[in-house]
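The values are calculated or read from the model by the stated rules, or taken from the named source; none is laboratory data. Everything quoted here is computed from the prediction, not taken from an experiment. No Cβ is skipped: glycine too gets one built from the backbone with ideal geometry, and neighbour counts run over all protein chains shown. The area values use the complete protein model at the heavy-atom level, side chains included, leaving out ligands, DNA and RNA. Shrake-Rupley method; radii C 1.70, N 1.55, O 1.52, S 1.80 Å.
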Amino acid sequence: MGILIRPERPEDYYASELVTKRAFWNHYRPGCDEHYLVHKLRDDPDYLPALTRVAEADGRIVGLIMYAKACLKTEEAEIPVILFGPLGVDPDWQRQGIGGMLLKDSLQAAREMGHRGVIIFGDPGYYPRFGFRPCSEWGITTADGGNSPAFMGLALVPGGLDYPGARFFVPPVYENLPPDEAEAFDKGFPYMEKKRL
């Protein structure tokens, strides 16, 4: 199995969106809107295209990771951090380490670019193997003051997330995916049945 991890190119856009649909369809709820997020993120001012990576196998896109700017806010300051998402691998290619390859390559690029830390909402059974820890260990909360095992961070430089009391804010694009727009966008892709799994 030869897997190539590389930056995304414009000719990959549709394939990246399709692989994201396949990765997330019926995963969290019937259907998904993650492929619409991929589409919208590319035109968003908070998008970080230099960190986007695709996984290519046999000339086909089988995985994608995308990044965006985010921030931590304290009473005194606003601290720039980054987040990734979606990170998806085609179901036919899952459990082969491709997600980890995408993550390691893009995190190394983020370090080299000088980003201080990454904060995510993800599977607490998966991401700790890559060094992610609960944000509660730094005293960081979500924007509304909450916390959960899925809310995790990774410092990319020493002390990169040492901001106790800070609240984490995601870019608005992640929270602005109107269902009717996502439904209309999905019509450009092969039909998949919505199911509650």
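For this structure, a couple of remarks:
- Selection within the range 1-27 - surrounded by 14 or more Cβ atoms within 10 Å (Cβ to Cβ), more than 13 Å from P86 (Cβ to Cβ) and among the hydrophobic types (A, V, I, L, M, F, W, C): I3, I5, A15
- Restricting attention to the range 83-122, the residues being open to solvent by 60 Å² or more (accessible area, probe 1.4 Å), free of Cβ contacts under 8 Å to residues at least 60 places away in the same chain and touching a Leu at 6+ places or on another chain (Cβ under 8 Å) number 2.
- When E183 is tested against the conditions (1) more than 25 Å from F24 (Cα to Cα); (2) over 19 Å from the mean Cα position of the chain (by Cα); (3) surrounded by 12 or more Cβ atoms within 10 Å (Cβ to Cβ), the lone failure is (1).
- Here P45, P30 are screened, and the one residue that is more than 14 Å from the chain's Cα centre (by Cα) and open to solvent by 40 Å² or more (accessible area, probe 1.4 Å) is P45.
- Residue check, G125 part of a helix (DSSP H, G or I) and either touching a residue at least 12 places away in the same chain (Cβ under 8 Å) or surrounded by fewer than 16 Cβ atoms within 10 Å (Cβ to Cβ) (or both): no
- Within the range 4-63, being within 17 Å of D186 (Cα to Cα) and of a type in the set (K, R) holds for K21, R22, R29, K40, R42.
- Test: residue in the range 164-181 that is hydrophobic (A, V, I, L, M, F, W, C), closer than 22 Å to Y13 by Cβ and touching a residue at least 12 places away in the same chain (Cβ under 8 Å): yes
- Condition met for Y36 (touching a residue at least 60 places away in the same chain (Cβ under 8 Å) and either in a helix (DSSP H, G or I) or surrounded by 14 or more Cβ atoms within 10 Å (Cβ to Cβ) (or both)): yes
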